[in-house]
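The values are calculated or read from the model by the stated rules, or taken from the named source; none is laboratory data. Quick caveat: nothing in here was measured; it's all calculated off a predicted structure. Note: ideal-geometry Cβ built from the backbone for every residue, glycine included; neighbour counts use all protein chains shown.
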């Protein structure tokens, strides 16, 4: 019985990480510039005229939401593109014929996505210091939550990249679903301040739990329990892992 192929997992990890650095403008600089514009408009200009939200200055309050907005879009897009291109060019067969299993493949892709997520988060947080004053109450928990979200949506992007049969489909979910849901998930406001029916509608949005969970690690305050946010994220991670294991077992869209 073949053991775990650490060298294979490391090779996949390095390849995915280097791909991000080769496209640094698109993968890192572009989202950082976009987020900086949000900080300028909402954090500095509008935030200076807003009342504190849940005891946190408005400019600082929106940081976790903006960070989540960038993190979800970039990890999903990068991961989906990373597996779609080998399918598109036919080099996917090199991966399928290599002595690596599902565990090594997932560890390589997820590890690279988590690393890129932390790098991106660190740059965005460093950029935010030029526009707003903030402190992270639980930095280790924030780092862990960011890695968990990055890993989960890297797997989700992996599934998307296998499902998509055109470049247009790669952008459908990140642009038309994830981005609107993140904006409506409490990025710029507290869900607790919404009227009764709209609060219920907002809590039906799964992204709201991610934004709320990350905000708790920053300021110790959130719209929903951190336990619920963490549980849903772990459940989503497990679901995506199970789906990918099934895809590799059956070869769905991989051998077409």
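General remarks:
- If the condition is being surrounded by 13 or more Cβ atoms within 10 Å (Cβ to Cβ) and more than 27 Å from residue 65 (Cβ to Cβ), then the stretch 202-256 contributes 243, 244, 245, 247, 248, 252, 253, 254.
- Check on residue 136, within 27 Å of residue 24 (Cβ to Cβ) and part of a helix (DSSP H, G or I): no
- Listed by first and then second residue, the pairs linking a residue in the stretch 237-256 that is on the phi < 0 side of the Ramachandran plot and in contact (Cβ under 8 Å) with a residue 40 or more places away in the chain to a residue that is outside any helix (DSSP H, G or I) and surrounded by fewer than 16 Cβ atoms within 10 Å (Cβ to Cβ), with Cβ atoms under 7 Å apart and 6 or more places separating them unless they lie on different chains, form an empty list.
- Scanning the stretch 42-82 for residues that are more than 22 Å from residue 208 (Cα to Cα) and either without any contact (Cβ under 8 Å) to a residue 60 or more places away in the chain or surrounded by fewer than 21 Cβ atoms within 10 Å (Cβ to Cβ) (or both) gives 44, 45, 46, 48, 49.
- Residue within the stretch 175-189 that is touching a helix residue (DSSP H, G or I) at 6+ places or on another chain (Cβ under 6 Å), on the phi > 0 side of the Ramachandran plot, surrounded by 15 or more Cβ atoms within 10 Å (Cβ to Cβ) and at pLDDT 85 or above present: yes
The rows are residues; the columns are (1) surrounded by fewer than 16 Cβ atoms within 10 Å (Cβ to Cβ); (2) within 14 Å of the chain's Cα centre (by Cα); (3) under 30 Å from residue 41 (Cβ atoms).
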{"residue": "100", "(1), (2), (3)": "no, no, no"}
{"residue": "109", "(1), (2), (3)": "no, yes, no"}
{"residue": "117", "(1), (2), (3)": "no, yes, yes"}
{"residue": "124", "(1), (2), (3)": "no, yes, yes"}
{"residue": "130", "(1), (2), (3)": "yes, no, yes"}
{"residue": "152", "(1), (2), (3)": "no, yes, yes"}
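- Condition check for residue 145: assigned to a loop (DSSP other than H, G, I, E, B) and under 27 Å from residue 52 (Cβ atoms): no
- So residue 111, is it closer than 15 Å to residue 64 by Cβ, out of contact with any strand residue (DSSP E or B) (no Cβ under 9 Å at 6 or more places or on another chain) and assigned to a helix (DSSP H, G or I): no
- Exactly one residue out of 145, 156, 109 is over 17 Å from residue 248 (Cα atoms) and touching a residue at least 40 places away in the same chain (Cβ under 8 Å): that is 145.
- Output for the stretch 4-13, where each listed residue is surrounded by 13 or more Cβ atoms within 10 Å (Cβ to Cβ) and either without any contact (Cβ under 8 Å) to a residue 12 or more places away in the chain or closer than 18 Å to residue 151 by Cβ (or both): 9, 10, 12, 13
- The numbered conditions (1) out of contact with any helix residue (DSSP H, G or I) (no Cβ under 7 Å at 6 or more places or on another chain); (2) part of a helix (DSSP H, G or I) are all true for residue 35 except (1).
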